[in-house]
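Presented below is the structure to which this report refers.
The values are calculated or read from the model by the stated rules, or taken from the named source; none is laboratory data. Every value quoted in this text rests on a predicted model; they were computed, and no experiment measured them. Here the Cβ positions follow ideal geometry from the backbone for every residue, glycine too, while neighbour counts run over all protein chains shown.
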Amino acid sequence: MKLSLHIGTTKTGTTSCQQWFAENREILREQGVIYPTSLGDVNHRSLMIYARDTNKPDKSFARRKIKTSADHKAFREKLRNRFAAEIGQHKAARHWVISNEHLHSKITTLAMIRRVKAFLEPHFESITVYLHLRPQVDLLVSGASQRARLGQIVSLKTLTRPAVSENSAYFNYEQIADRWSRVFGRENLHLVPFRKFPNIAEYLAGEIGIERDKTSVIPHHNEALDWRSMGLVNALGQGGAELGHLGKTLFLDQLPMSEKLQIGQDLARQIQSRFTNSNTRLAALHPEITLDELTPDWARYDAEPNVYKLEDTCEFSEPLVYLINHYRQELRLERGRALLAEAELAIMTQKEAAQEKLSQATTALQFRHCLPELQERRKKLQTRRDGLQGRITAPPA
């Protein structure tokens, strides 16, 4: 069996690619192509978690309750067994596809990449690693939307920060290609220029020989935020940390999108020039990509810059944080009240269901910092919850 391992980069249509392969999993299986589920139903993030150093956890570790080295060791063993079992279910398959863009951004050392290879190599006769590359300044501007979703400032300063350089494990394509080549072999690393092949799912389908007459249309997801949405995040300042994941809290992806972030051609050229030397060396080593294909379409940056407007000081950031936080906590209190009412109705006949409702109510009523004017209301709900818990656990009369 052969394997196509798609490692990113981020912001190159990876979500669309993964969704297309997942949506067409059964049709592809009939053609001998397997998009596995053991590593993740859509995004094969578990492979990244497997390979990443235990002492360098990211948020994915917490979601899988990996807190200690023993937890990580158990996760790795379980994943190896699950993947091997899935391999055994598809012995007649001709080709497998694995896709996770965080293999580019978070698997950044030779030791980590060797873990990826050790995990996969026993199961496949050949492995081709696909790295989808777009000009670095395009990647930077596209990534600004994700920064905003995470509550991070987007500004002229952050976009031109020193870390956006050839010293970055994220932006230096030459070093990324070198690391993966040293582990998997340069002949097994294939660089795909985004400017020439913007649709990586379509490209991989062609490489693998997938017949697409019965498959769904490859989706396109525009994940860019309006620059004013980024300005809203900036306006929250440090207080935004109190509000959790701002992409969800502020419904950023549902806000109108009519004006993309524009940095202007002069600034775009300045940023991209930081990578001229490393990109030139990369193109010399890998004939499938050229320096022109790693150079932006400068016409994209002809619009009048609006990035400077993000620098404007917001005088009402504290009231804005308070307003959003108040409504969030009001909603959680109301959810807690509704769950307690449902638990009380279920106590007499369905104690297990009642217990589940109480557990959900407990989560709803847990705030990091409850606003003073809501503390008494929350306390009453918690007292009511404790009383219901006593009724559930009390021995029969």
Exercise for review: For the stretch 141-158, name all the residues that are hydrophobic (A, V, I, L, M, F, W, C) and crowded, with 22+ Cβ neighbours inside 10 Å.
Suggested key: VAL141, ALA144, ALA148, VAL154
Check your understanding: Between a first residue in the stretch 302-321 that is within 9 Å of ALA235 (Cα to Cα) and of a type in the set (Gly, Ala, Ser) and a second residue that is in a helix (DSSP H, G or I) and at pLDDT below 80, which pairs have beta carbons less than 7 Å apart while being 6 or more apart in sequence or on different chains?
Key -> SER317/LEU236; SER317/GLY237; SER317/GLY239
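Which ranges mark the helices (runs of 4 or more DSSP H) fully within the stretch 22-112 that have 2 or more residues being touching a residue at least 24 places away in the same chain (Cβ under 8 Å)? Break it down stepwise before answering.
Values: elements: 25-30, 45-51, 59-63, 69-89, 102-105.
Correct list: 25-30, 45-51, 69-89, 102-105.
For GLU174, are the conditions met, namely being at pLDDT below 95 and in contact with an Asp or Glu (Cβ under 9 Å, 6 or more places away or on another chain)? I'd like the intermediate steps shown before the answer.
Working: at pLDDT below 95: no; in contact with an Asp or Glu (Cβ under 9 Å, 6 or more places away or on another chain): yes.
Criteria not met by GLU174.
Checking the conditions here, which among ILE7, ILE27 is over 21 Å from ARG147 (Cβ atoms) and either surrounded by fewer than 13 Cβ atoms within 10 Å (Cβ to Cβ) or under 21 Å from the mean Cα position of the chain (by Cα) (or both)?
Details: ILE27 fails: either surrounded by fewer than 13 Cβ atoms within 10 Å (Cβ to Cβ) or under 21 Å from the mean Cα position of the chain (by Cα) (or both).
Result: ILE7 is the single residue among ILE7, ILE27 that is over 21 Å from ARG147 (Cβ atoms) and either surrounded by fewer than 13 Cβ atoms within 10 Å (Cβ to Cβ) or under 21 Å from the mean Cα position of the chain (by Cα) (or both).
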Exercise for review: Please indicate, with yes or no, whether at least one residue in the stretch 115-131 is among the basic types (Lys, Arg) and assigned to a helix (DSSP H, G or I).
Suggested key: yes
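So which of THR54, THR37, THR15 is modelled with pLDDT under 95 and either within 21 Å of the chain's Cα centre (by Cα) or over 24 Å from TYR203 (Cα atoms) (or both)?
Criteria check complete, one pass: THR15.
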Exercise for review: Only residues that are part of a loop (DSSP other than H, G, I, E, B), small (Gly, Ala, Ser) and over 23 Å from the mean Cα position of the chain (by Cα): list them for the stretch 162-189, please.
Suggested key: GLY185
